[in-house]
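Here is the structure we will look at, set down as structure tokens.
The values are calculated or read from the model by the stated rules, or taken from the named source; none is laboratory data. Everything numeric here is computed off the predicted structure, so don't read it as measured data. Virtual Cβ from ideal backbone geometry, glycine too; neighbours counted across all protein chains shown.
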Amino acid sequence: MLRRTQQAVKMKRGRDHWWHELVDGASSINEPAQLPSEHPLFILYTSGSTGKPKGILHTTGGYLTQVAYTSRMVFDLRDDDVYFCTADVGWITGHSYIVYGPLLNGATVMIYEGTPNHPQPDRFWDIIERHAVSIFYTAPTAIRSFMKWGEAWPAKHDLSSLRLLGTVGEPINPEAWMWYHDVIGQGRCPIVDTWWQTETGAIMISPLPGASTTRPGTATVPLPGVQADVVRKDGTTCAANEGGLLVVKHPWPSMLRTIYGNDERYRAAYWSEFPKRRGSPGWYFTGDGARRDEHGNIWIIGRVDDVVNVSGHRLGTAEIESALVSHLRVAEAAVVARPDEVKGNALVAFVTLKASATPTPALAEELRAHVAREIGPIAKPDEIRFTEMLPKTRSGKIMRRLLREIVTSGVATGDVTTLEDAGVLERLRAGEEE
Ligand code: 7RM
């Protein structure tokens, strides 16, 4: 326990120790402990869709091998680079690409803890200029905030040290990709859109700078050694541009070893969709929907566990969200179900608009019609709720579970510790009473 904010903490004798008591008297030179490769390295808790957190267990040898390899290859790390990943260290991205991967490569790492807009919205650009950062890795949700704050902030700084940009955490919309490329990368820097999960431990699908042709919105192709595929429910490979399920057909070094203390849940969550059978050793199911285009690039659609049954039709909420976001005035959308006596479920869409748009009943009608055109009348949201903000984790994941609770019972219960801005729940509830 690091004494930092002076808050009172409950500590368990024999298990918990003060950092300063252990470190102050210790030697600054220490032999690293030699460990067997399957020795547990860390357990990272990630919120499951039910709200019951899963303890993702990573081990030593495989995890370190793949984070070292991907840091070097995807970020093209060189001795004179200054590497800056803006992730929270508590997120898997912080573990793999602030701490372990760069340090295993002996990289020079810029570490910043704090918000991107304090004291002013140019904090990152100021850091990049002052420390001559050459590689910058952030999340699409952050890029969209930078866009909202305006080009004047990066324009105040010399960003010419940058040579490579990266994104992670969610599909990047082409508009944000172009802004990142033009305004931050000044048209000079390749962008690596990296797909991976807490469970995969390390990057799995990503361009390799200099070797791949990038395209806004796709993480492109699996890295060498990764056998990812987009398949139908029956396991056959999808045709070009046919939506399907993203699987990994062969183990990889940094895969999770289990859900801590719950092997059964591990099996059910990741290995039951495409189980072991004759001729197939069983595949890892990512939980993501995706399609592969005619060039072989993989486009992530979103989580498929968010499926809603409306009048007997199974609808993926990610698809409805993409349809909403494809409308000119929409910035972000999250679709959830509310129980409905007639239809089984009714669809409620939470929508944030672009700065230039105004929420009106006419626009809500237009959005419903837009979804009907894009997908079909069955997918038309029953209700559009305009909101200034969606409840998100710090890495930009929309917490749909909370929205579901708000539309069904009016209150959000359960674990909200990963929520970035607790005030957003209050505002969403207040909006409902108007
Ligand atoms: C690293 C991380 C994992 C989920 C994953 C996807 C989504 C992550 C991308 C992406 C599209 C990307 N770990 N996701 N990266 N979707 N393009 N480049 O985010 O465990 O917190 O989340 O995030 O749905 O399954 S995570």
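To keep it simple, each residue is scored yes or no on (1) modelled with pLDDT under 90; (2) in contact with a Pro (Cβ under 8 Å, 6 or more places away or on another chain).
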| site | (1), (2) |
| --- | --- |
| E319 | yes, no |
| A331 | yes, no |
| V342 | yes, no |
| L347 | no, yes |
| P359 | no, no |
| R373 | no, no |
| G376 | yes, no |
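Does D122 meet the test of being farther than 13 Å from G201 by Cα, surrounded by 14 or more Cβ atoms within 10 Å (Cβ to Cβ) and touching a strand residue (DSSP E or B) at 6+ places or on another chain (Cβ under 8 Å)? Talk me through it step by step, then tell me what you get.
Details: farther than 13 Å from G201 by Cα: yes; surrounded by 14 or more Cβ atoms within 10 Å (Cβ to Cβ): yes; touching a strand residue (DSSP E or B) at 6+ places or on another chain (Cβ under 8 Å): no.
Considered against the rule, which asks whether it is farther than 13 Å from G201 by Cα, surrounded by 14 or more Cβ atoms within 10 Å (Cβ to Cβ) and touching a strand residue (DSSP E or B) at 6+ places or on another chain (Cβ under 8 Å), D122 comes out as no.
Report yes if some residue within the range 400-417 is surrounded by 18 or more Cβ atoms within 10 Å (Cβ to Cβ), touching a residue at least 60 places away in the same chain (Cβ under 8 Å), within 15 Å of the ligand (Cβ to nearest atom) and more than 20 Å from K354 (Cα to Cα); otherwise report no. So that I can check it myself, show each step before the final result.
Taking the range 400-417 and keeping what is surrounded by 18 or more Cβ atoms within 10 Å (Cβ to Cβ), we get 400-407, 412.
Filter again for touching a residue at least 60 places away in the same chain (Cβ under 8 Å), leaving 400-401, 403-404, 407.
Restricting the remaining residues to those that are within 15 Å of the ligand (Cβ to nearest atom) gives 400-401.
Of the ones still in play, those that are also more than 20 Å from K354 (Cα to Cα) are 400-401.
For the range 400-417, residues surrounded by 18 or more Cβ atoms within 10 Å (Cβ to Cβ), touching a residue at least 60 places away in the same chain (Cβ under 8 Å), within 15 Å of the ligand (Cβ to nearest atom) and more than 20 Å from K354 (Cα to Cα): present.
Determine whether L347 is in contact (Cβ under 8 Å) with a residue 12 or more places away in the chain and assigned to a strand (DSSP E or B). Working first, answer last.
Values: in contact (Cβ under 8 Å) with a residue 12 or more places away in the chain: yes; assigned to a strand (DSSP E or B): yes.
Criteria met by L347.
Take the residues in the range 91-129 that are free of Cβ contacts under 8 Å to residues at least 12 places away in the same chain and within 16 Å of the ligand (Cβ to nearest atom); name whichever of them is nearest to A142 (Cα to Cα). The qualifying residue nearest to A142 (Cα to Cα) is G94. When A290 is tested against (1) of a type in the set (G, A, S); (2) touching a strand residue (DSSP E or B) at 6+ places or on another chain (Cβ under 7 Å); (3) within 30 Å of K249 (Cβ to Cβ); (4) free of Cβ contacts under 8 Å to residues at least 24 places away in the same chain, exactly one condition is not met: (4). Checking each residue in the range 303-318 for being of a type outside the set (D, E, K, R) and out of contact with any helix residue (DSSP H, G or I) (no Cβ under 8 Å at 6 or more places or on another chain) picks out N309, G312, G316, A318. For the range 319-340, filtered to residues that are closer than 13 Å to V351 by Cα and of a type in the set (D, E, K, R), the residue that is surrounded by the most Cβ atoms within 10 Å (Cβ to Cβ) is E321.
Yes or no: T214 within 14 Å of the chain's Cα centre (by Cα) and either aromatic (F, W, Y) or surrounded by 16 or more Cβ atoms within 10 Å (Cβ to Cβ) (or both)? Working first, answer last.
Details: within 14 Å of the chain's Cα centre (by Cα): no; either aromatic (F, W, Y) or surrounded by 16 or more Cβ atoms within 10 Å (Cβ to Cβ) (or both): yes.
Taking the combined requirement at face value, the residue does not satisfy it.
Close Cβ contacts (under 9 Å, 6 or more residues apart or on different chains) running from residues in the range 377-388 that are over 16 Å from E332 (Cα atoms) and surrounded by 19 or more Cβ atoms within 10 Å (Cβ to Cβ) to residues that are modelled with pLDDT under 95 and among the acidic types (D, E) comprise A379/E319.
For the range 41-61, check the following and say yes or no: at least one residue is surrounded by fewer than 22 Cβ atoms within 10 Å (Cβ to Cβ), among the small types (G, A, S) and under 16 Å from S254 (Cα atoms). There is at least one residue in the range 41-61 that is surrounded by fewer than 22 Cβ atoms within 10 Å (Cβ to Cβ), among the small types (G, A, S) and under 16 Å from S254 (Cα atoms).
Contact annotation: residue pairs with Cβ atoms under 6 Å, 6 or more positions apart or on different chains, pairing a residue in the range 261-284 that is outside any loop (DSSP other than H, G, I, E, B) with a partner that is among the β-branched types (V, I, T), are R265/I259; Y266/T258; Y266/I259; Y284/V248. A single member of W179, W195 is within 12 Å of the ligand (Cβ to nearest atom), under 22 Å from A323 (Cα atoms) and of a type outside the set (A, V, I, L, M), and it is W195. Residues that are in contact with a strand residue (DSSP E or B) (Cβ under 6 Å, 6 or more places away or on another chain) and among the aliphatic types (A, V, I, L, M) number at least 1 in the following helices (runs of 4 or more DSSP H) confined to the range 18-111: 60-74.
Taking the range 222-236 only, how many residues are surrounded by 15 or more Cβ atoms within 10 Å (Cβ to Cβ) and either more than 13 Å from V247 (Cα to Cα) or out of contact with any strand residue (DSSP E or B) (no Cβ under 8 Å at 6 or more places or on another chain) (or both)? Give the derivation first.
Quick first cut of the range 222-236, residues surrounded by 15 or more Cβ atoms within 10 Å (Cβ to Cβ) only: 222-223, 226, 228-231, 235.
Going one step further and asking which of them are either more than 13 Å from V247 (Cα to Cα) or out of contact with any strand residue (DSSP E or B) (no Cβ under 8 Å at 6 or more places or on another chain) (or both), we end up with 223.
Number of matching residues: 1.
Each residue in the range 303-318 was checked for being under 20 Å from the mean Cα position of the chain (by Cα) and surrounded by fewer than 19 Cβ atoms within 10 Å (Cβ to Cβ), and 3 of them qualify. Residues in the range 45-90 that are among the small types (G, A, S) and either within 12 Å of the ligand (Cβ to nearest atom) or over 18 Å from the mean Cα position of the chain (by Cα) (or both) were compared, and the one that is farthest from I203 (Cα to Cα) is S49.
Within the range 148-176, take every residue that is over 22 Å from S356 (Cβ atoms) and of a type in the set (D, E) and give me the one that is farthest from the ligand (Cβ to nearest atom). Spell out how you get there, then give the answer.
Taking the range 148-176 as the starting set, the residues that turn out to be over 22 Å from S356 (Cβ atoms) are 156-171.
Still in the running and of a type in the set (D, E): 158, 170.
Values: D158: 28, E170: 5 Å.
Restricting to residues being over 22 Å from S356 (Cβ atoms) and of a type in the set (D, E), the top hit is D158.
The set of residues from the range 299-344 being touching a residue at least 40 places away in the same chain (Cβ under 8 Å) and in a helix (DSSP H, G or I) comprises T317, E319, I320, A323, L324, V325.
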